[in-house]
Amino acid sequence: MELVFIFLLLIAVVSIPLLVVFCMAFIAQTAAEAASNEVLPPDARNAFPVELTGHASSVPVATLAMPVAPPFIPADLSPGDTRAVDADVSGLTFRVVRSPSDMAFDVGYRALWNEFGEAHEVETRDVLERRLAWHPANPVDGVSLLYEMIVVTKNTDLSVAGVRDHTAIVGLERALPCVLVHLSHNWVAPEFRGKGLAGWMRAFPVDTARRACRVAGLPASTPITLVAEMEHPEAGLPDRIPRLRAYEKAGFMCVDPEQVPYHQPDFREPSIIDATGGARPLPFRLILRRVGREQETHVSGAELQEIVEMLYTMYATSFRAQDVAVVRATLARYPSGDARIKLVKPTLGATEAG
Ligand SMILES: CC(C)(COP(=O)(O)OP(=O)(O)OC[C@H]1O[C@@H](n2cnc3c(N)ncnc32)[C@H](O)[C@@H]1OP(=O)(O)O)[C@@H](O)C(=O)NCCC(=O)NCCS
């Protein structure tokens, strides 16, 4: 009897540690498998359909399965654009472009080039193609980027009724989480002006910001700022004024140009830049809509510097370092972080100039 007891005791002494080691190995393997499947934060998976594709490197890449059309969310309209809820868009098709091979990209780019190409106000086509390859799950220099083009066509003859493009820039390494949407271009065909389409085109980027945040792992409540770079009003160039007025009526505000010398990088081909003596940054106005804070009359120097640094970080991904360095140098002339910078009407100075 005593021998049987000693035998059982020996079996227990040997098998219990073995069992513990086996259980720990099983738990570790299960956790590793779960981690290797986890490409996006859990809430991003629920936000919208996501296809997961393999990638040559060890880091899997998630492909955004984008909505075919942008969502019409009345709460996203700017305070001055609320009439757009009555807009009749039933005869129009809205498409979110996510790939350069999408025919809508070709159509949209041509429309933008027709309107903005001559004045070098639109990036070259290859720059936009590279932007379409950005994915907010793969941050670059501390920011997650999501570029979209929205192309609107008439159902009757498939002609273009409007095009807009923009980039959500999610700040990941900032003191306060934030998402900026850089509004590149908004073009509405003359036939559709004054009917509310432009208002919706100014609202869609708000949802782009939320989607980029979800994929980047930031909450949907992350503060959103829409920012447009606009030319200053200038004598003899009256075309600039309607653009500024459209933003003004929508409720956007302008960073006081007297206090802040904002410059946009040179969009020209590098060969042309080199042949003409180097990059020529363009002086522009910064037009802001801080979503939910539209009534505020000032922006701090610190917030403004963040905004401009995020814009230049985005530009640095597709322009040459030396061309971006020229505009970055202008930051040295900006007001200090604790300065209170006035937000003025976008058309300030337009009556004398235009
Ligand atoms: C800038 C641009 C997009 C503005 O488009 P738009 O339709 O003329 O401008 P808005 O959205 O401001 O609309 C203008 C009017 O439509 C009105 N409107 C809005 N919704 C409406 C509706 N549902 N029914 C009737 N009118 C409506 C607005 O109240 C506004 O009226 P108001 O001017 O009497 O105040 C357009 O002029 C354009 O494409 N220009 C060329 C490209 C360009 O310069 N782009 C901007 C720089 S990227």
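Just a few scattered comments:
- Filter pass, Ile341 being crowded, with 17+ Cβ neighbours inside 10 Å and either assigned to a strand (DSSP E or B) or touching a Cys at 6+ places or on another chain (Cβ under 7 Å) (or both): yes
- Lone unmet requirement of (1) over 23 Å from the mean Cα position of the chain (by Cα); (2) away from the ligand (no atom under 16 Å from the Cβ) for Arg268: (1)
- Just so you know, in the range 88-119 the residues that are within 14 Å of the ligand (Cβ to nearest atom), without any contact (Cβ under 8 Å) to a residue 12 or more places away in the chain and in a loop (DSSP other than H, G, I, E, B) include one that is nearest to Arg130 (Cα to Cα), and it is Gly117.
- Selected residue [within 11 Å of the ligand (Cβ to nearest atom) and of a type in the set (Asp, Glu)] from Glu229, Glu234, Glu173, Glu148: Glu229
- Odd one out for Thr222 among (1) part of a loop (DSSP other than H, G, I, E, B); (2) within 16 Å of the ligand (Cβ to nearest atom); (3) of a type outside the set (A, V, I, L, M, F, W, C); (4) crowded, with 18+ Cβ neighbours inside 10 Å: (2)
Rundown of residues vs (1) small (Gly, Ala, Ser); (2) over 21 Å from Gly117 (Cβ atoms); (3) within 16 Å of the chain's Cα centre (by Cα), yes/no style:
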position: Gly171; (1), (2), (3): yes, yes, yes
position: Leu176; (1), (2), (3): no, yes, no
position: Leu183; (1), (2), (3): no, no, yes
position: Gly194; (1), (2), (3): yes, yes, no
position: Arg202; (1), (2), (3): no, yes, yes
position: Val206; (1), (2), (3): no, yes, yes
position: Ala209; (1), (2), (3): yes, yes, yes
position: Pro219; (1), (2), (3): no, yes, yes
position: Glu229; (1), (2), (3): no, no, yes
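- Residues located in the range 185-210, provided they are assigned to a loop (DSSP other than H, G, I, E, B) and near the ligand (Cβ under 7 Å from one of its atoms): Arg193, Gly194, Lys195, Gly196
- Residues that are in contact with a Lys or Arg (Cβ under 8 Å, 6 or more places away or on another chain), on the phi < 0 side of the Ramachandran plot and surrounded by fewer than 22 Cβ atoms within 10 Å (Cβ to Cβ) within the range 234-254 comprise Glu234, Glu248, listed in sequence order.
- Of the residues making up the range 306-354, just one is among the aromatic types (Phe, Trp, Tyr) and touching a Gly at 6+ places or on another chain (Cβ under 8 Å), namely Tyr334.
- Among the criteria (1) crowded, with 22+ Cβ neighbours inside 10 Å; (2) touching a Ser or Thr at 6+ places or on another chain (Cβ under 7 Å), the one Val160 does not fulfil is (1).
- Some residue of the range 158-180 being at pLDDT 95 or above and among the basic types (Lys, Arg): yes
- Residue check for Ala246: closer than 20 Å to Leu92 by Cβ, near the ligand (Cβ under 10 Å from one of its atoms) and not in a strand (DSSP E or B): yes
The values are calculated or read from the model by the stated rules, or taken from the named source; none is laboratory data. This structure is a prediction, so every number in the text was calculated from the model and none was measured. With ideal geometry, Cβ positions are generated from the backbone for all residues, glycine too; neighbour counts draw on all protein chains shown.
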